[in-house]
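Rule-based calculations on the coordinates, nothing more; no lab input. Everything quoted here is computed from the prediction, not taken from an experiment. Here the Cβ positions follow ideal geometry from the backbone for every residue, glycine too, while neighbour counts run over all protein chains shown.
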Amino acid sequence: MKETRSTCPYCGVGCGVIIRSEGDRITGVRGDPDHPANFGRLCTKGSTLHLTAAPEVTRQVRLLHPMLREQRRDKPVRVDWHVALELAADRFAQTIRAHGPDAVGFYISGQLLTEDYYVFNKLAKGLVGTNNIDTNSRLCMSSAVAGYKMTLGADAPPPCYDDVNHADCIFIVGSNTAFAHPVLFRRIEEAKAVRPGMKVVFCDPRRTDTAELADLYLPLLPGTDVMLFHGMLHVMLWEGWTKPDYIAAHTNGFEALKAVVRECTPDVVAQTCGIRKEDLFTAARWFAASPATLSLYCQGLNQSSSGTAKNAALINLHLASAQIGRPGAGPFSLTGQPNAMGGREVGGLANLLSAHRDLANPQHRAEVAALWGVSSVPEKPGKTAVEMFQAAADGEIRALWIACTNPAQSMPDQKTVRRALERAEFVVVQESFATTATCEYADLLLPATTWGEKEGTVTNSERRISRVRAAVPAPGNARHDWQIVVDFARKLEARLRSPGLFPYETPEAIWLEHRESTRGRDLDITGLSYGLLEEAPRQWPFPAGATQGRERLYADGVFPTSDGKARFAAVTYQPLAEPRDSRYPFSLTTGRLRDQWHGMSRTGTLGRLFGHVPEPVVQMHPQDMQRRGLAEGELAHVTSKRGSILLPVQASAELALSQAFIAMHWGSEFVSGLSSTGDPLAGVNAITTSAYCPISRQPELKHAAVKILKAEMPWTLLAAAWLPDGEALAAREQLQALMARFPFAACVPFAAQRPLEAGGDARTGMLFRAAGYEAPGDEALQRLEQLLGLTGAEILRYADKRKGQRRTIRVRREAGALRLEGLLLAGDTSAEPWLKALLLQELDAQAYGRLLLSPGAKAPVALRQKGRQVCSCFGVDETAIQSCLGAAEGSAEDRLASLQAALRCGTNCGSCVPELKRMVRAFPAAQLA
Ligand code: SF4
């Protein structure tokens, strides 16, 4: 058994992990107690990483060999690396020669390592001669980059995670930290437990679990953040809570900003933002007058058509109240991805150059050209993410190279993105997972290594660089991302007659060149080495001669601007790109689920991570559902100006009236259907808008105006079955192909609710839900039965063709008990609650006899229905929690403690603690013991 220190590949907290492995098999993972981001903690996602790397998962979902399609939509065939890369180099060279370097584009990812990013950037800007290289980080944090640069002069988050232990006020805005950055949230919970006087202010349209920790919750209306921040500054000025001495000594531009915020009176702000004036005053007072205020923010600010203004307006508050440069104070942008920061550091975006240099700056271009040994780097700005896919859809970009990201799921306005992928003449997809929607569009698929297999570095939200290490060798023929780029680049160099730019044989060689590029820059790491990073993760800057990285920036009040002063940004409030109106009367927001990550290519391989939210839904306020005649679980068309998605509705107390919410993860891999006009649907991003911030070019993925109308689909189907170990994911691939046969279909894995400590993923099955205007032909249902193993001798079957009804049940006899192994209910799904409970809870169905096949029959015996899984570490469901709460006594803290003692929920990773607290608070007093 071997142990290897590395990092978690999910969010920007950047937790350290210790990977256990035996030979080429990863067998376990635990938090690294010595890593300063997490001190041993992991969330639900991090603590199940090893299960996603199990050989049986790898075998079913990984891309293991280069694959080539002769024709689009053909099944790809295996080729060797030489053939694959020669072909790629030929096609890219031909395109560049015939149409110029800007006819190609590279779309990469914040999940790549810094070394991967560096060589991709050099390939595009140094060798090909195009700035058409952008990344999914554009969808994540480009507004944060622009906001920092506009105000503080450099793209550098000033605080660090330890600041939560020093802050007297934590101001969380546009971030469901409890779900998106769970381990950081644990640190905030602990800080609040130690210092209960610390104030937590939470501003968000949705009352998410993050609100559980808040002393003050501001339910601001979507998109009104700038008005809120200006209103707070207005109050600070009026009450004399700003710090004139700091403003005079360390900033410029305050008078212009004062003129802007003058109009933002408490009345205007309360009305625009939908909050109470008293709460505005309290928020302003706590922010300005607390000894130290730390703000934490994420996509709610960034994914906006005024994302830069939102970031800058929040930083204005820190400057005006001198809440920066001290322990516990500062504006802290939380990065969504594990290495969005590393991508920024190497300039891996269409408008940036290495080491935080600007493409628009001639001196910066010359410095980078000299470093790389090329005559120049191109001056013309490259296409950013939305622009790149629009250019490909328009035929301007002809060859696309996509690495480690899934634009056919994650980009807004999927109709345009998919048209781009169809129209591009040559599409290369460099990926670890063969299951992403984007793989369907690739001419050439190149298998890349992933977590547990790679070597390099990443930087987390607090500027901390960690080593990523390989625990096991690459599976199949997969290669490291940097290696694929270098091998391709050398072949392209030969064709473009410009050899010698890619001499690297190791990731360290690449990193050393990157290190040199930072000399004298704000992120100078010339004092660092791989050796020092082996000892411990380090923060930048870390210039030559330093003995440690800088924990916090701007303690001296000197900023990286021409005069050393920060700049107030006199930005104005702009409404949403697409406000709701009478035709599209709902504000749809998008966001994360607790246990899923991005497009779910990795987390979606584990049934247990679907326990918390089992199926895709659109959430609405209960009164809105009632007004529209929608009952829980009924299907609705959610339609924006760009497209439509069909989803079951679910009531949510987190939402205000006229608001709706869909989790960002649900792509066409998991849910499909036809719009009301008959167009195929492409997941949640079929309806989101590509309108973007004019400065950061980050699209407004967070908000779209939609209408929600009941979908009249009388024919419904539910099929679910346990599948043999190691076969569920392969079955899913085939089930996904069947989804297109139904006007609505969703396909998700599920697992037995068992404690994580029992080892391995629990028993896994697949659930397939569909609906239509009428019953489909028998052939589709037979295929479904076949894929779910609903065939053979142990099958009970009922069918009424005339009524379009069919019921198939597979049973297993075991020690006198009758267990359901799978079921299909078509036409009449009213027995779903009790039949699904028998299946999923693996209960004895002996007592149900012939009722198993009787349409409309109700369960004769009261079933203890397990609710949704709340604690995924110990497999604890909400029904168990409710019944335990009924016997609990004392204060809310006492009752939470009794729950934890009795059921162990919330005692491992802690991700469910906010939800447990909410359940404790909401439990009816009348039912308490
Ligand atoms: Fe990974 Fe969770 Fe840590 Fe984020 S908080 S890095 S997802 S373990």
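Worth a mention:
- Gain upon complete extension [R73, N477; 0.36 nm per residue less C-alpha separation]: 143.1 nm
- For L221, the residues 5 or more places off, or on other chains, whose built amide H falls under 5 Å of its own are G274.
- Taking amide hydrogens as placed 1.01 Å from N in the peptide plane, the amide H of T7 sits under 5 Å from those of V17, R469, each at least 5 positions away in sequence or on another chain.
- Projected area, mean over directions - the stretch 452-525, Cα convex hull, nm²: 6.6 nm²
- A convex hull fitted to the Cα coordinates of the chain yields 163 cubic angstrom per residue.
- The value of relative contact order for the stretch 223-325, using C-alpha pairs under 8 Å at least six residues apart, is 44 percent.
- Rounded to the nearest 500, the helix-only mean residue ellipticity at 222 nm of the chain stands at -8500 deg cm²/dmol, with each DSSP H run of n ≥ 4 adding -39,500 (n - 2.57).
- The stretch 488-537 - charge dipole about Cα centre, Lys and Arg +1 at Cβ, Asp and Glu -1, debye rounded to 20: 480 debye
- All-pairs Cα distance distribution in the stretch 199-353, expressed in whole percent, bin size 5 Å: 2, 9, 17, 22, 22, 14, 9, 5, 1, 0
- Using the Karplus relation 6.51 cos²θ - 1.76 cosθ + 1.60 with θ = phi - 60°, the per-residue 3J(HN,Hα) values for the stretch 539-554 come to 8, 9, x, 8, x, 3, x, 6, 9, 7, x, 8, 5, 10, 9, 6 Hz, with x marking Gly and Pro.
- Antiparallel bridge percentage (DSSP; both residues within the stretch 56-214; nearest 5): 20 percent
- Cα-derived Rg over Rh, computed across the stretch 1-94 with Rh taken as Kirkwood radius: 1.16
- Debye-sum result for the stretch 544-668 in log10 I(q)/I(0), which assumes one identical scatterer on each alpha carbon, at q = 0.10, 0.11 Å⁻¹: -0.55, -0.62
- About the centre of its Cα atoms, the stretch 207-316 shows a dipole size close to 160 debye [charges on the beta carbon of Lys, Arg (+1) and Asp, Glu (-1) only; nearest 20 debye].
- Here the calculated FRET efficiency for D844 and R519, from their Cβ-Cβ distance with R0 = 45 Å, stands at 0.05, rounded to the nearest 0.05.
- Efficiency of FRET between Q94 and A536 - r from beta-carbon atoms, R0 45 angstrom, step 0.05: 0.40
- Loop-located trypsin sites (Lys or Arg not before Pro) across the stretch 706-802 with a Cβ neighbour count of 10 or fewer within 10 Å are K801, R802, with loop assigned by DSSP.
- Dimensions of the stretch 345-395 from C-alpha coordinates, computed as largest minus smallest value along each principal axis and given longest first, are 35, 22, 16 Å.
- With neighbour counts taken as other beta-carbon atoms within 10 Å, the residues T95, T44 rank, fewest first, as T95, T44.
- In order along the stretch 312-328, phi translates into HN-Hα couplings of 5, 5, 6, 5, 3, 5, 5, 5, 5, 10, 6, 9, 7, x, 10, x, x Hz, rounded to whole numbers, per the Karplus curve 6.51 cos²θ - 1.76 cosθ + 1.60 with θ = phi - 60° and x for Gly and Pro.
- DSSP beta bridge pairing in the chain, given as percent antiparallel to the nearest 5: 65 percent
- Taking label positions 7 Å along the Cα-Cβ direction at both T506 and N252, the computed distance is 4.6 nm, reported to one decimal.
- One chain, two ends: R628 and A740. Fully extended at 0.36 nm per residue, the span grows by 37.5 nm beyond their Cα-Cα distance.
- Taking one quarter of the surface of the C-alpha convex hull of the stretch 109-193 gives a mean projected area of 7.4 nm².
- Magnitude of the charge dipole for the chain, about its Cα centre and with charges confined to Cβ atoms of Lys, Arg (+1) and Asp, Glu (-1), is about 1160 debye.
- Packing-based exposure ordering (other Cβ within 10 Å, fewest first) of Y297, Y504: Y504, Y297
- Ranked by how many other Cβ atoms sit within 10 Å of their own Cβ, fewest first, the residues R207, R895, R73 fall in the order R73, R207, R895.
- Cut-off 18 Å (backbone N to label point 7 Å along Cα→Cβ of T907), residues of the stretch 866-880: 870-878, 880
- Loop-located GluC sites (Glu not before Pro) in the stretch 1-56, at most 10 other Cβ atoms within 10 Å (DSSP): none
- Here the average projected area of the convex hull drawn through the C-alpha atoms of the stretch 160-253 stands at 7.4 nm².
- Estimated inter-spin distance, E422 and A259, nm [label 7 Å along Cα→Cβ]: 5.1 nm
- Taken over the stretch 47-97, the alpha-carbon convex hull comes to 129 cubic angstrom per residue.
- Given charges at Cβ of Lys, Arg, Asp, Glu: the stretch 799-927 dipole, positive-most of S830, L843, C884: S830
- Under the Debye formula (equal points on every Cα, no solvent term), log10 I(q)/I(0) of the stretch 251-296 at q = 0.26, 0.32 Å⁻¹: -1.01, -1.00
- Within straight-line cross-link reach of K454, lysines at Cα separation under 18 Å, skipping those fewer than 8 residues along the same chain: K2
- The loop-placed GluC sites (Glu not before Pro) in the stretch 323-394, going by DSSP, that have at most 11 neighbouring Cβ atoms within 10 Å of their Cβ come out as E379.
- Remark: the K801-N165 segment gains 222.3 nm on full extension, using 0.36 nm per residue and subtracting the alpha carbon distance.
- From phi via Karplus (6.51, -1.76, 1.60), per-residue ³J(HN,Hα) for the stretch 750-758 in Hz, x at Gly/Pro: 9, 9, 5, 7, 10, x, 4, 5, 5
- For A37, the residues whose amide H sits under 5 Å from its own are G16, ignoring neighbours fewer than 5 places away on the same chain, with H placed 1.01 Å from N.
- The equivalent ellipsoid of the stretch 847-929 has semi-axes of 31, 16, 10 Å, largest first, where each one is the square root of 5 times an eigenvalue of the Cα gyration tensor.
- Distance violations [Cα-Cα > 32 Å] among K199/K383; K380/K491; K415/K836: K199/K383; K415/K836
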